[in-house]
Amino acid sequence: MEWPACLNEFEKLLLRLDTPRVAIDNAVCPNSTLVKVDSARKHGILLEAVQVITDLNLSIKKAYISSDGRWFMDVFHVTDLNGNKLKDESVISYMEQSLGSIHFTRSCEYKGVTALELTGTDRIGLLSEVFAVLADLNCTVTDAKVWTHNGRIASLIYVKDCDSGCQIEDSHRIRRIEARLRPVLKGDNDIRSAKTTVSMAVTHTERRLHQMMFDDRDYERTPSTSSMKHDFPDVSVQNWNERGYSVVNIQCKDRPKILFDVVCTLTDMEYVVFHGTINTQGSRAYLEFYIRHTDGTPISSDAERQRVVQCLQASIRRRSSQGVRLEFYAEDRPSLLADVTRTFRENGLNVARAEISTTEDMAQNIFYVTDAEGYTPDSKTVDAVREKIGLSNLKVKELPLIYHQSPERDEAGAGVGGAMLLSLGSLVRKNLYNLGLIRSHS
């Protein structure tokens, strides 16, 4: 491992002691790659490990988490989005190196850009107006992610100056961008204040989106349509007083990055996961966590317990794939995003979620669109939009195979027996013992 030049020998020794030990095994399980991470325990270490895996667009089918004193142990059963074990050696090597260096601060994934953080009331055409304003202000959108939940919208948009291709740093221009976007986000009937923030320092995009929606208190509202209420996550929180834990159980529809979303929320709410299991059965996911506050105490009131339930439900719902997935690929040009999203607006389509990127002057965008009521749009409407934008540029895409899996048998020696999580206390130690990661205690 290469050490930062500023470290002395004693600091290097301490880091060697704290450096996570990573083992990746493709032989143990027939249907997944086994990833083991042993590390000194610190707040946020679980989130950092999960983040490395999910940022590679990999799926965690099962996981076992345990901490004993100052040591932390994670076991992940990982596949690609099509449910296959990992075969690309470059991906395996990169994951091993990244997991082994998670104690070091990773460099920002976006450099030389200006980040716009926007929150407000969601409505049809909002993104079209935002992108039109940015185009008018001579800003080029290089990347963006947009989430909507419970009538609210949060987005991180990365921009450069259209002429120079450089980061926008002029304070007067930044204030002008904020002033133009704020009334657009607020709209005519926004009972909450819209927020527009410009930043040069960018944290992990999806973690920041969770934080933005949490700060916006999106979890306090209930879904407005039956489509959003369908398959609502079942979350329960109980205290295990004898051991001083609060036990969180979650049952919901499985999808990629669900573990990241849950652990991200628990971490940002200042809870520490001491033990946990994650299991998937077909299209369902079952998660169990033993948590405490960072000061070592469990959840202490019914109000706090209800808040945890609401926040975890919101964290799962924010990334749910509503409506139709449209993939757009075309040569980038000024006002391209404004034109595409204006076509959506003119045909009554609302963007529920978006992932926007630009690579070598080519726009590669994913949009999840619904009708005005939040339901799957009519196929004729989608066809009309495709005709106008270009059939070869805008395509309807099926979700990855993970969304359509049928139930399968547990892998030998690694599974949780049955679809339901077992009772408090026994499950974590049973699974870890079966994996040979802990010894039996008399």
Taking segment 352-392 and keeping residues surrounded by fewer than 16 Cβ atoms within 10 Å (Cβ to Cβ), farther than 20 Å from TYR329 by Cα and not polar (S, T, N, Q) leaves ALA372, GLU373, TYR375, ASP378, LYS380
Tell me, yes or no, whether segment 301-323 has at least one residue that is surrounded by 15 or more Cβ atoms within 10 Å (Cβ to Cβ) and farther than 30 Å from ASP74 by Cα. yes
Exactly one of (1) touching a helix residue (DSSP H, G or I) at 6+ places or on another chain (Cβ under 6 Å); (2) of a type outside the set (Gly, Ala, Ser); (3) open to solvent by 80 Å² or more (accessible area, probe 1.4 Å) is unmet by VAL141. Its number? (3)
Could you list, in sequence order, the residues of segment 63-79 that are open to solvent by 40 Å² or more (accessible area, probe 1.4 Å) and in contact with an Asp or Glu (Cβ under 9 Å, 6 or more places away or on another chain)? TRP71
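Results for (1) at pLDDT below 90; (2) of a type in the set (A, V, I, L, M); (3) buried (at least 19 other Cβ atoms within 10 Å of the Cβ), shown as yes or no for each residue.
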site	(1), (2), (3)
LEU86	no, yes, no
GLU89	no, no, no
SER93	no, no, no
GLU96	no, no, no
HIS103	yes, no, no
CYS108	yes, no, no
ALA115	no, yes, yes
THR119	no, no, yes
If a residue counts only when it is hydrophobic (A, V, I, L, M, F, W, C), which strands (runs of 3 or more DSSP E) contained entirely in segment 116-212 have at least 2 such residues? 139-149, 152-161
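One line per residue, one yes/no per condition, for (1) assigned to a helix (DSSP H, G or I); (2) small (Gly, Ala, Ser); (3) under 17 Å from TYR290 (Cα atoms); (4) not assigned by the TED database to the domain that holds VAL263:
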position	(1), (2), (3), (4)
LYS36	no, no, no, no
PHE72	no, no, yes, no
ASN84	no, no, no, no
VAL91	yes, no, no, no
Picked from segment 254-284 (must be among the charged types (D, E, K, R) and surrounded by fewer than 17 Cβ atoms within 10 Å (Cβ to Cβ)), the residue farthest from HIS77 (Cα to Cα) is GLU270
For segment 332-339, does any single residue satisfy the condition of being under 30 Å from ILE389 (Cα atoms), basic (Lys, Arg) and surrounded by 20 or more Cβ atoms within 10 Å (Cβ to Cβ)? no
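This table checks each residue for (1) modelled with pLDDT under 85; (2) surrounded by fewer than 17 Cβ atoms within 10 Å (Cβ to Cβ).
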| site | (1), (2) |
| --- | --- |
| CYS6 | yes, yes |
| LYS12 | yes, yes |
| ASP18 | yes, yes |
| VAL22 | no, no |
| ALA27 | no, yes |
| THR33 | no, no |
| GLY44 | no, yes |
| ILE53 | no, no |
| ILE60 | no, no |
Within segment 112-122, which residues are within 23 Å of the chain's Cα centre (by Cα) and farther than 14 Å from LEU156 by Cα? THR121, ASP122
Would you call GLU288 of a type outside the set (A, V, I, L, M, F, W, C) and surrounded by fewer than 19 Cβ atoms within 10 Å (Cβ to Cβ)? no
Pick from segment 388-407 the residues that are at pLDDT below 90 and not in a loop (DSSP other than H, G, I, E, B): which of them is nearest to ILE60 (Cα to Cα)? ILE402
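Residues are listed down the side, and each one gets a yes or a no for (1) outside any helix (DSSP H, G or I); (2) modelled with pLDDT of 95 or more; (3) closer than 30 Å to SER236 by Cα; (4) not aromatic (Phe, Trp, Tyr):
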site: GLN310; (1), (2), (3), (4): no, yes, yes, yes
site: SER320; (1), (2), (3), (4): yes, no, yes, yes
site: TYR329; (1), (2), (3), (4): yes, yes, no, no
site: LEU337; (1), (2), (3), (4): no, yes, no, yes
site: VAL351; (1), (2), (3), (4): yes, yes, no, yes
site: ILE356; (1), (2), (3), (4): yes, yes, no, yes
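The values are calculated or read from the model by the stated rules, or taken from the named source; none is laboratory data. Every value quoted in this text rests on a predicted model; they were computed, and no experiment measured them. Here the Cβ is made from the backbone with ideal geometry for all residues, glycine too, and neighbour counts use every protein chain on show. Heavy atoms of the whole protein, side chains included, go into the accessibility calculation; ligands, DNA and RNA do not. Shrake-Rupley method; radii C 1.70, N 1.55, O 1.52, S 1.80 Å.
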